[in-house]
Amino acid sequence: MSAWRETPDGLAIAVRVTPRGGRDALLPGTEEHLVARLSAAPVDGAANAALVTLVAKYFGVAKRDVTLVAGQTARLKRLTIAGDAQVLARAASSLYASEP
């Protein structure tokens, strides 16, 4: 799977998470995944909740539109984002456009 792909309902993304990574940030990663640094610890779902909040904020959607579909206890997670797939894909690709 690439870092993201359009779906009929929006966008599916793969994210490699670093909990306790300082401030919250969504960053470009590899072809296979985006990178998320979270200040939350991976305890009682806190890091997963922080990831959903971060992704929702970055893509400009409500938290209810972001669903964690795989990787609840792993560093590599798959999420879906409901919305206009083309708009969401442009937002995802803009992460990589800002690379030096």
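No lab work stands behind these numbers, since they all come straight from the coordinates. Please read all numbers here as calculations on a predicted model, not as lab measurements. A quick note on method: Cβ atoms are made from the backbone with ideal geometry, for glycine too, and the neighbour counts reach across all protein chains shown.
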Query raised in the report: Which parts of the range 1-41 would a label at Ser93 reach, counting a residue when its backbone N lies under 19 Å from a point 7 Å out along Cα-to-Cβ?
Result: 1-14, 27-35
Report task. State the Kirkwood hydrodynamic radius of the chain in Å, one decimal place, computed from all pairs of distinct Cα atoms. Result -> 13.2
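Evaluate E = 1/(1 + (r/R0)^6) for Lys63 and Arg20, where r is the Cβ-Cβ distance and R0 equals 22 Å; express this FRET efficiency to the nearest 0.05. Provide the component values of the computation, followed by the final result.
Numbers: r = 22 Å, r/R0 = 0.98.
My answer for the efficiency is 0.55.
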